[in-house]
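For reference, the structure discussed in these notes is given below.
The values are calculated or read from the model by the stated rules, or taken from the named source; none is laboratory data. Worth saying up front: this structure is predicted, and the values here are computed from it rather than measured. Glycine gets a Cβ as well: all are built from the backbone with ideal geometry, and neighbour counts include every protein chain shown. With ligands, DNA and RNA removed, areas are computed over all heavy atoms of the protein, side chains included. Shrake-Rupley method; radii C 1.70, N 1.55, O 1.52, S 1.80 Å.
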Amino acid sequence: MNCEGWRIEIAAFLDRSSDPRMSSRVRGHLETCSSCLEFYREQSELNALLGSSELEADPPEHLWYRIESQIAQRQEVPASRWTFLANLWGFWYVPRLRYALVTCLFLLVASWSLLELKSRRDADQVFLARIDAYELKVVEGNPFLSDIRKSAPVDNPFLSMNTATSNPFESKGSRQ
Amino acid sequence: MPSEISPEQLKEIVQRAQAGSEQDFYQLYVVFSKPVYNFVWRLIGSVEDAEDLVQETFLKVHSELKRLRDPNQFRFWLYRIARNEVYQKLRRTQRTTEVSIDDEDAGYYNFLKDDIRQPDPEKLALSGELNDVINRALQSLTPKYRDVFVLAVLQKMSYEDITKIVGRSLLSVKTDIYRARLMVKDAISVYMKRSRVGKL
């Protein structure tokens with residue numbers, strides 16, 4: 001052991017935290033090493049200076065009354081919803097519960113996003129179907145367009161209008 | 001541990017306090033308020049803050065005591081709460097390492113023991129000056145060194161007990177106390193030299 005190692009043990013010896021075997025080894029080293037002996041003397045002096053009971057302070061007498069009144073106040077206040085929330089917040093400091101909570105939140109957000117996406121797609125399809133129905137109604141209510149539709153090979157009235165051989169704005173009489 | 005009470009007695013008092021006895025909680029305050037107050041005061045360096053933190057510590061002890069599983073661990077648990085309160089305060093205020101001398105001067109004479117306060121003005125001046133010197137030296141340490149030094153040298157706690165409070169290994173505690181001792185010795189060497197000359 002070098003001198004620094006010995007001094008760590010000397011400090012423990014001075015603080016009465018050495019086991020008996022180490023204490024006798026420390027005493028033996030102090031007899032042979034003058035620099036460690038000097039360290040021992042300085043630190044003993046420091047112990048004597050700081051170990052004086054005159055340096056200890058008594059807590060002020062009013063401190064207990066402050067504590068007592070605080071305890072009484074806390075016991076009077078009924079548990080409110082904020083106390084309940086504060087207790088819940090305590091769960092955040094339990095690591096496993098924290099990870100579980102974060103995972104649950106992630107799954108919740110992800111499933112909500114998927115459902116929202118699906119419902120929007122359904123709504124779009126309903127909207128398109130309504131437009132189709134409306135267009136069909138318009139075509140059927142118009143004699144010109146309904147004629148065209150009858151002659152059209154496909155269901156789409158606009159497509160049939162484009163591909164129709166007859167002019168929809170031309171009257172039957174004029175054609176003859 | 002304060003000498004007036006044996007570990008068995010302490011265990012019984014803690015158990016009764018856990019069962020809701022306010023009288024026994026007061027007993028715990030009587031036994032531990034002084035060492036905890038001195039511990040907190042040396043860590044924080046201000047009398048006013050020490051009062052508030054000791055109050056918070058005992059309020060927390062009162063509300064959490066039922067959750068303490070082993071009554072034999074009460075002392076370490078109490079010091080851990082006090083230490084956490086100090087660290088929280090230091091974090092909140094982001095206090096610099098310089099000690100406020102004005103705070104010390106304002107509060108120091110009010111809490112000295114009565115027998116020190118009255119008879120010997122010279123002695124009073126010397127211990128007041130020494131307290132300033134010690135507090136300045138302690139505030140120059142990082143909290144990691146400060147708490148182990150205060151517990152070992154000022155509170156005379158064994159290294160084994162200190163490991164239970166600070167939650168570090170025995171080797172780490174030993175090394176930190178040694179380094180803190182060197183720093184404090186350097187910081188108060190002028191005072192030590194003067195007191196040596198005074199003795200001669």
Practice task
Please specify each residue of the range B:166-186 satisfying the condition of being in contact with an Asp or Glu (Cβ under 8 Å, 6 or more places away or on another chain) and among the hydrophobic types (A, V, I, L, M, F, W, C).
Solution key: B:V166, B:L170, B:I177
Problem - Test result for A:R66, over 16 Å from B:V184 (Cβ atoms) and at pLDDT 90 or above - result: yes
Exercise for the section: Report, by residue number, each residue of the range B:1-28 that is open to solvent by 50 Å² or more (accessible area, probe 1.4 Å) and not acidic (D, E). Expected result: B:M1, B:S3, B:P7, B:Q9, B:K11, B:Q15, B:R16, B:A19, B:Q23, B:Y26, B:Q27
Problem - Filter result (facing chain A (nearest Cβ under 9 Å) and part of a helix (DSSP H, G or I)) within the range B:151-160 - result: B:A152, B:V153, B:L154, B:Y159, B:E160
Completion exercise
Flagged pairs (Cβ under 8 angstrom, 6 or more apart or on separate chains; first in the range B:35-60, facing chain A (nearest Cβ under 9 Å) and in a helix (DSSP H, G or I); second crowded, with 23+ Cβ neighbours inside 10 Å and small (G, A, S)) are B:V36/B:A82; B:Y37/B:A50; B:W41/B:A50; B:V54/B:A82
Handout entry: Pair list, Cβ under 6 Å, 6 or more apart: the range B:178-200 residue assigned to a loop (DSSP other than H, G, I, E, B), other residue open to solvent by less than 60 Å² (accessible area, probe 1.4 Å) and at pLDDT 80 or above
Key = B:I188/B:V133; B:I188/B:A137
Practice task
Report the residue count in the range B:20-37 for those that are more than 22 Å from the chain's Cα centre (by Cα) and within 16 Å of B:L68 (Cβ to Cβ).
Solution key: 3
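Answer with yes or no whether B:E129 is at pLDDT 90 or above, surrounded by fewer than 17 Cβ atoms within 10 Å (Cβ to Cβ) and not assigned by TED's automatic domain parsing to the domain that holds B:F74.
It is false that B:E129 is at pLDDT 90 or above, surrounded by fewer than 17 Cβ atoms within 10 Å (Cβ to Cβ) and not assigned by TED's automatic domain parsing to the domain that holds B:F74.
Would you mind finding the one in B:V86, B:V47, B:V31, B:V40 that is modelled with pLDDT under 90 and either among the aromatic types (F, W, Y) or open to solvent by less than 30 Å² (accessible area, probe 1.4 Å) (or both)?
Of the residues listed, the single one that is modelled with pLDDT under 90 and either among the aromatic types (F, W, Y) or open to solvent by less than 30 Å² (accessible area, probe 1.4 Å) (or both) is B:V47.
Mind listing whichever residues of the range B:61-70 are within 11 Å of chain A (Cβ to nearest Cβ) and open to solvent by 20 Å² or more (accessible area, probe 1.4 Å)?
Within the range B:61-70, B:H62, B:S63 qualify.
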Exercise for the section: Considering only the range A:1-76, give the helices (runs of 4 or more DSSP H) lying wholly within it that have at least 2 residues that are of a type in the set (D, E) and either touching a residue at least 12 places away in the same chain (Cβ under 8 Å) or facing chain B (nearest Cβ under 10 Å) (or both). Expected result: A:3-14, A:34-50
Handout entry: Subset of the range B:155-166 (residues that are open to solvent by 20 Å² or more (accessible area, probe 1.4 Å) and touching a residue at least 60 places away in the same chain (Cβ under 8 Å))
Key = B:Q155, B:D161, B:K164
